[in-house]
Amino acid sequence: MITLGKTLEILEKDGNFREIIIGGEYFHDSPRSLTFEKLSYDSRDVTNSTLFFAKGLAFKAEYLSGLAAPFYVSEIDYGVETPVIMVNNVKRAMSLLAMEFFGNPQDKLKIVGFTGTKGKTTAAYFAKHILDSSTKNRTALLSTMNTTLDSVHYFKSTLTTPESLDLFAMMATAVANSMTHLVMEVSSQAYKTARVYGLRFDVGVFLNLSPDHVGPIEHPTFEDYFYHKRMLMENSDFVVVNSEMMHFGLVKSEIGQNPAIYYGEKSDNRIVESSASSFSTMGDVAGKFDIKLLGRFNQENALAAALASQHLGASLADITSGIAQTTVPGRMELLTQTNGAKVFIDYAHNRLSLSNLIDVVTEHHLGDVTLILGAPGNKGESRRRDFGELLEARPRIRVILTSDDPNQENPEEIADQIARHISRPVRKIMDRETAIKTALSETAGSSDAVIIAGKGADAYQIIQGAYAEYAGDVAVAQVYL
């Protein structure tokens, strides 16, 4: 619960309160003893004791028609009967008020956040397994793939970083479930849309950076994307940063003398030996580690997670055990055809992650390598050129372009935008299952491989704004092995 008095106090302290409007009259105060027993941003889920948040670019005044709530919080006076608490930023208000409403659960958890263009989910899973070893399975997880608030039951996530109201509700549930630690992914959108406004992280990890998520519904420019990525460093008590990342100099200068540790080839914490199933490190977590996920980039993610977890009390034994146990749904999942050819299924969905994936596969497979690839509609439009240019520079790769969450766009037009940057012939098979069936039917033996990129463990296609039925890449590939 939260009183109106406490609500106004929090908003005023943040410089985010303007006035209260009741029946067209303006007030700076109101009966402060009024108590809100629920918070909501869904007008279909409101009671007569709910504090409602009118948020989002698509919000309409009609959503307030007949609203049972005693007050709503808004940047706009919609002129309805329900009294309004006017603020400068409704999402900032929602985040701070959610913290208070749910009893400030963030103060009862040790929280590590991962940001980066790629690898957030994998690194989060490494940290989850390491900290589970350290805390006896008392670590919650919020990731792009799955969420668990009790370290036993998992459910599918809807956003990389949940809306603030949902985020702090989840944290409160984790605390009630006796969780002591929380590992979470922190997207650039989480800062741009104030989903984590006011939240301090015990450890913030910046994995890497490359141009991505630039488009009309994400970030207008790369600078905007990079700026919001860096905000995790500003809001963390201790940071772990990849010394090899793009624009590392700026990130390091902004960190200054604040507590930090660096990893990668330009630091003391780095990988000194690497094979397909193990790697050795020097520095703060020096040792040899077995690993199930192929690729040096996954080993780098494991090192970042190890350094973050060590700061939160994990021992070298915890780190060794956690890394060895880690697998991630939809990340480097490996199937074998009856003729010995390998099928790699991975969520790689931007230039850097796809480049790393192709390099790992071609290193171990000298025969034909076929890539099945698409690009999502209405987001990350720069990826289409990126994919095309990357594949132009990899003439050995046989390419089949297909559908990957086309949303409101025509998947053939998306494929054309990728193909125009590739000078050699590429095939376009818009039905994803047919594309997979075709690629698998063309392998000859163990030197060949098929890469199915983009969707990972997603068992759906987003078409015309709705989730359409799709068995998932793993299930489809298994039919044609």
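Does at least one position in the range 415-426 carry a residue that is modelled with pLDDT under 95, part of a loop (DSSP other than H, G, I, E, B) and of a type outside the set (D, E, K, R)? Yes, there is a match, as at least one residue in the range 415-426 is modelled with pLDDT under 95, part of a loop (DSSP other than H, G, I, E, B) and of a type outside the set (D, E, K, R).
Exactly one residue out of P411, P406, P425 is free of Cβ contacts under 8 Å to residues at least 60 places away in the same chain and more than 29 Å from the chain's Cα centre (by Cα): that is P425. Name the residue that is surrounded by the fewest Cβ atoms within 10 Å (Cβ to Cβ), counting only residues in the range 316-338 that are among the charged types (D, E, K, R) and under 20 Å from the mean Cα position of the chain (by Cα). My answer is E333. Of note, E300 does not satisfy the criterion of being exposed (fewer than 14 other Cβ atoms within 10 Å of the Cβ) and either on the phi < 0 side of the Ramachandran plot or in contact (Cβ under 8 Å) with a residue 24 or more places away in the chain (or both). For the range 346-364, how many residues meet the condition of being more than 16 Å from L293 (Cβ to Cβ) and polar (S, T, N, Q)? Residues flagged as more than 16 Å from L293 (Cβ to Cβ) and polar (S, T, N, Q) within the range 346-364 amount to 3. When the residues of the range 248-269 are filtered to those that are more than 16 Å from V205 (Cβ to Cβ) and out of contact with any Asp or Glu (no Cβ under 9 Å at 6 or more places or on another chain), the one that is surrounded by the most Cβ atoms within 10 Å (Cβ to Cβ) is L250.
Note on the range 1-41: residues that are surrounded by 11 or more Cβ atoms within 10 Å (Cβ to Cβ), under 35 Å from the mean Cα position of the chain (by Cα) and among the charged types (D, E, K, R) total 7. When the range 129-180 is filtered for residues that are of a type in the set (A, V, I, L, M), buried (at least 22 other Cβ atoms within 10 Å of the Cβ) and touching a Pro at 6+ places or on another chain (Cβ under 9 Å), the ones remaining, listed by number, are L142, M145, M171, A174. A317 meets all of the listed conditions (1) on the phi < 0 side of the Ramachandran plot; (2) of a type in the set (A, V, I, L, M); (3) modelled with pLDDT under 95 but one, namely (3). Residues of the range 427-460 that are farther than 18 Å from A348 by Cβ, part of a helix (DSSP H, G or I) and either out of contact with any Leu (no Cβ under 9 Å at 6 or more places or on another chain) or small (G, A, S) (or both): E433, T434, K437, T438, S441.
Yes or no, residue by residue, for (1) touching a helix residue (DSSP H, G or I) at 6+ places or on another chain (Cβ under 7 Å); (2) in a loop (DSSP other than H, G, I, E, B); (3) at pLDDT below 95:
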position	(1), (2), (3)
S30	yes, yes, yes
R44	no, yes, yes
G56	no, yes, yes
E62	no, no, yes
E81	no, yes, yes
S95	yes, no, no
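Put simply, of T281, T370, T320 the only residue that is assigned by TED's automatic domain parsing to the domain that holds V399 and not charged (D, E, K, R) is T370.
The values are calculated or read from the model by the stated rules, or taken from the named source; none is laboratory data. Please read all numbers here as calculations on a predicted model, not as lab measurements. In this analysis, Cβ positions are derived from the backbone assuming ideal geometry, glycine residues included, and neighbour counts consider all displayed protein chains.
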